[in-house]
Amino acid sequence: MSNVFELSDWEGSKENIQPIKKGRNPANLKEAFSQNHSLAQVHSFDNLPPHLKQKMDSFENQLNNSPSDPMAIWVRYIAWAQEVLPSGGKKAECLSLLERVTREFKDDERYKNDQRYLTLWVTYADLVADPMDIFVFLNNREIGHKLSLFYEAWALVLETKGQHAQADKVYEQGIRRHAEPYERLKARHQQFQHRMVQRMQRDAARRMQDNLSQEPQNNENSLNRAALGKLPSNKR
Amino acid sequence: AQKVKTNITLKGSTEIVTEFFGYSVNSILYQRGIYPPEEFKRVNKYGLTMLVTTDDKLNDYLKTVLGQLSQWLLDCSVQKLVLVITSLESREVLERWCFDVECDKTFREDSDKVSDKTEKEIQGEIQAIIRQITASVTFLPLLNEPCAFDLLIYTDKDTNVPEQWEESDPKCIINGQQVKLRSFTTKIHKVDASVSYAG
Amino acid sequence: ATLANELLDGKTSSKILSFKSKAPSAPEGYQNNLRVLYTNNNAGGPRKASRHIAQTAERILDAPELVDDYYLNLLDWNSSNLLSIALGQSVYIWNATTSEINHLFESENAEAHPTAVSWVNEGNFLAVGTNNAEVQIWDVEKQRQIRSMKGHLARVGALSWNNHVLSSGSRDTMIFNHDVRLADHHIGTLQGHSEEVCGLKWSPDGTQLASGGNDNLLNIWDSESVSTGRPQFQLTHHNAAVKALAWCPWQRHLLASGGGTADRCIRFWNTMTGACVNTIDTKSQVCSIQWSKHSKELVSSHGFSQNQLCVWKYPTMTKQAELTGHTSRVLHLALSPDGTTICSAAGDETLRFWKVFEGEARTVGSGG
């Protein structure tokens with residue numbers, strides 16, 4: 001526990017490290033960048049060096065042995081996977097694992113309001129371009145209905161997209177359903193409302209200043225231009 | 001290499017160290033997103049572009065704390081400066097930036113005694129620490145909730161507690177991770193930086 | 001041990017003091033904006049575009065073993081329409097006119113793998129930097145190496161030509177100028193970085209060299225600084241490594257630079273005065289920048305967290321288009337000689353070709 005690591009161990013490769021929400025374990029960073037040799041860097045789950053492959057296999061084996069609480073294993077597995085490829089890997093390798101675990105337990109009553117399971121869903125939602133469908137799906141399935149995190153994460157995505165009225169509704173729904181921790185959800189809702197007021201004041205001030213911008217606020221649908229026909233030709 | 005004589009005394013070293021703490025605390029508050037980025041302005045310092053707060057209240061707070069720190073540095077009685085980041089909701093300590101200070105007390109006895117370190121060398125060392133503060137994004141967690149910060153100063157046991165100060169507990173992070181940053185020295189004061197985080 | 005020390009030391013040998021009245025808290029409702037670093041969610045596309053830009057790649061090529069390393073420069077496209085790309089231990093030449101593939105060479109061992117490729121301004125000579133600190137020159141037509149220039153102490157990740165002078169930037173923090181006509185090639189050393197040099201570009205008129213490094217510095221060198229060894233300007237605005245560098249082809253002394261993960265900004269510089277004339281926060285790691293030859297636009301490519309290409313109008317910096325498809329960060333960009341097509345190389349081991357710009361017909365006046 002009291003092992004001390006130095007930022008200098010990986011500072012020379014700082015741009016090859018993708019930040020992750022829960023932070024990184026310095027021991028893993030030190031190991032990944034100890035060799036000053038970029039070809040040696042692990043790039044995909046398909047070419048893991050033996051000791052990491054072994055670790056991955058052990059997670060898979062544990063899952064295969066019908067554990068009593070598979071979610072506990074999944075949480076550790078995903079945490080490991082997020083750290084093992086510092087640069088994120090070839091195809092956001094974690095995405096496939098997150099797809100697996102989220103799908104696998106979608107009908108499992110045990111995990112419906114399990115904070116750990118919902119956290120994996122939210123991690124998954126962070127990795128896709130447009131997570132709206134995910135939250136609608138969870139809402140319909142009543143996954144995370146009793147957890148504050150569900151409403152916080154959904155509302156944040158809506159807020160980022162500029163859909164402020166919907167975001168407000170989501171918070172209100174969570175409060176109506178008395179999601180836990182309740183005080184925290186109420187606090188988040190209040191913070192959100194403060195931001196709305198500030199935003200409205202800012203917008204009003206801006207409108208006064210450049211006497212109404214001519215550009216339409218069209219945040220809600222992101223890419224509305226038609227794409228050319230696809231011409232994917234895998235030549236080599 | 002040519003030897004540039006600079007004449008850094010204990011007083012000069014205290015100024016350098018105090019100023020360094022001011023800039024590094026500002027850098028941490030900006031880089032970790034404790035305050036909104038629009039409340040910071042750019043200034044040139046150490047051959048770097050530094051971000052410093054424009055909030056008057058925050059500036060007053062920093063000025064007061066660093067002013068007192070500076071006096072204690074001059075007495076050679078400072079052991080550490082610690083910046084603690086806590087969650088406003090849970091009160092949990094999330095991050096703890098620690099600057100260990102060592103002081104060569106022989107400079108206190110002889111106020112004319114000077115260090116042979118050049119300001120340029122010191123500036124280079126400080127640059128490296130400030131850069132590491134920005135590079136901490138590679139391993140520190142996202143501070144995903146409203147946070148507050150506090151500054152703790154570790155002094156020698158016999159230091160008098162001024163009226164507006166109080167004793168605090170160390171606000172350590174139990175079972176956290178720790179990462180060491182670089183250090184710098186004026187050859188009068190030596191500062192070692194590190195950060196601990198819950199994780 | 002540290003915790004125990006703290007707890008014991010704290011009680012026995014020191015006083016821990018804090019100021020009674022605390023620092024003000026952040027404004028109510030404030031939300032840490034660093035969240036952009038951790039999500040791939042698309043906040044919304046370009047507001048308006050003045051013209052249509054195809055949003056999918058026109059062509060995709062497989063690029064197995066492309067080294068996923070921000071600090072390297074593994075792609076370049078020359079005036080004869082030849083594209084060079086380093087994949088693993090090999091360098092390939094892809095003829096964009098005929099689609100012919102040519103395996104130029106494979107390094108003897110993994111240690112010596114290519115870390116940078118750069119075409120000479122005119123002609124089919126290719127400079128290659130290697131992981132074991134060499135700078136090589138290859139005659140691509142004859143398919144053989146004609147020079148090997150040693151001197152660096154670590155990998156050479158950045159190269160740029162100025163006629164017969166080749167500049168090389170290395171992890172040893174040095175930039176060397178080599179006159180490739182001379183047996184004694186090493187004609188200058190530029191020492192302005194304290195960490196790896198990963199961006200290096202000569203201005204089109206050959207009077208200034210821009211260099212960027214993992215020390216977050218952007219240096220501008222002119223002919224005088226080559227003799228003094230000190231940069232003409234040392235620009236410290238970026239808060240992360242500076243790899244993406246691009247000189248504007250239609251306005252002299254205008255340079256664009258992009259910062260890494262902790263910075264995420266593209267900045268524009270007047271390199272006569274060293275003034276920063278424009279800045280845009282792109283919200284993700286900037287890996288590469290290419291200006292349009294003929295129109296007032298540029299393209300940037302990004303890593304964490306969106307892995308996209310952005311087309312910008314200059315100087316308004318309104319986003320014209322976002323090009324997505326790469327599933328990993330887009331490390332390198334190159335522009336076709338006719339100025340219409342951008343080639344991107346990404347950590348997902350593909351090369352994608354995007355028809356982004358219009359042809360020569362719409363040439364803008366210089367100085368514009």
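Every number here is computed from the coordinates shown, using simple stated rules; none is lab data. The structure displayed is predicted, hence computed values, not measured ones. Don't worry about glycine lacking a Cβ; one is built from the backbone with ideal geometry, like all the others, and counts go over all protein chains shown.
A viscosity of 1.567 mPa s and a temperature of 4 °C, combined with the Kirkwood radius over C-alpha pairs in the Stokes-Einstein formula, give the range A:33-155 a diffusion coefficient of 82 µm²/s.
Counted by neighbouring Cβ atoms within 10 Å, the residues C:W354, B:W165, C:W94 run from fewest to most as B:W165, C:W94, C:W354. Judged by the ratio a/c of the largest to the smallest principal axis of the C-alpha gyration tensor, the range C:182-222 counts as oblate, that ratio being 1.5 or greater while a/b is no larger than b/c.
Derived value for the protein assembly as shown: Kirkwood hydrodynamic radius 28.3 Å. Basis is the mean of 1/r over every pair of different alpha-carbon atoms.
The tail of the calculated P(r) for chain C beyond 33 Å holds 31 percent of all Cα-Cα pairs.
For the range C:129-192, what is the charge dipole size about the Cα centre, in debye to the nearest 20, if Lys and Arg each add +1 at the Cβ and Asp and Glu each add -1 at the Cβ?
Using only the charged Cβ atoms, the result is roughly 120 debye.
Taking a ≥ b ≥ c as the square roots of the eigenvalues of the Cα gyration tensor of the range C:188-316, is the shape rounded (a/c under 1.5), prolate (a/b larger than b/c) or oblate? In terms of gyration-tensor shape, oblate.
Rounded to the nearest 10 degrees, the angle from helix B:56-74 to the longest Cα principal axis of chain B is 40 degrees. Note on C:K201: aspartates and glutamates with a C-alpha under 14 Å away, same-chain residues under 8 apart excluded, are C:D76, C:D222. For a quick check: sort B:L94, A:L48 by the number of other beta carbons within 10 angstrom, fewest at the front. Fewest-to-most Cβ neighbours within 10 Å comes out as A:L48, B:L94. Highest GNM mean-square fluctuation among C:R230, C:R51, C:R59, for chain C modelled with Cα contacts below 10 Å: C:R51.
Measuring max minus min along each principal axis, the C-alpha atoms of the range C:191-261 give extents of 30, 29, 17 Å (largest first). Per-residue Karplus couplings for the range C:74-85, computed as 6.51 cos²θ - 1.76 cosθ + 1.60 with θ equal to phi - 60°, are listed in order as 10, 9, 7, 10, 10, 5, 8, 6, 9, 10, 10, 9 Hz, Gly and Pro entered as x. Using a/c under 1.5 as the rounded threshold, could you call the range B:108-199 rounded, prolate or oblate? The axes a ≥ b ≥ c are square roots of the C-alpha gyration tensor eigenvalues, and prolate needs a/b larger than b/c, oblate otherwise. Judged from the Cα gyration tensor, the range B:108-199 comes out oblate (a/c at least 1.5, b/c at or above a/b). Quick one: of A:K22/A:K90; B:K105/C:K15; A:K22/B:K171; A:K22/A:K186, which pairs are farther than 27 Å apart, Cα to Cα? None, as every Cα separation is 27 Å or less. Computed on the Cα trace of the range C:49-107, the radius of gyration divided by the Kirkwood hydrodynamic radius gives Rg/Rh = 1.05. For chain C, modelled as a GNM whose springs connect Cα atoms under 10 angstrom apart, the maximal fluctuation among C:H52, C:H152, C:H185 occurs at C:H52. Using a 4.7 Å Cβ-Cβ cutoff, the cysteines of chain B lacking any partner cysteine are B:C98, B:C147, B:C172. Spherically averaged projected area of the convex hull of Cα atoms, the range B:45-183: 10.8 nm².
Between C:V91, C:V36, C:V156, the GNM of chain C built on Cα springs shorter than 10 angstrom shows C:V36 fluctuating the most.
Taking each of B:K41/B:K190; B:K120/B:K187; B:K11/B:K190; B:K117/B:K187; B:K190/C:K20 in turn, the alpha-carbon distance tops 18 angstrom for B:K41/B:K190; B:K190/C:K20. Taken about its Cα centre, the protein assembly as shown carries a charge dipole of roughly 1460 debye when the Cβ of each Lys and Arg holds +1 and the Cβ of each Asp and Glu holds -1. Output the 0 to 90 degree angle, nearest 10, between the alpha-carbon long axis of helix C:2-12 and the longest principal axis computed from the alpha carbons of chain C. Approximately 30 degrees, to the nearest ten.
Taking every alpha-carbon pair within the range C:65-200, the share separated by more than 22 Å comes to 30 percent.
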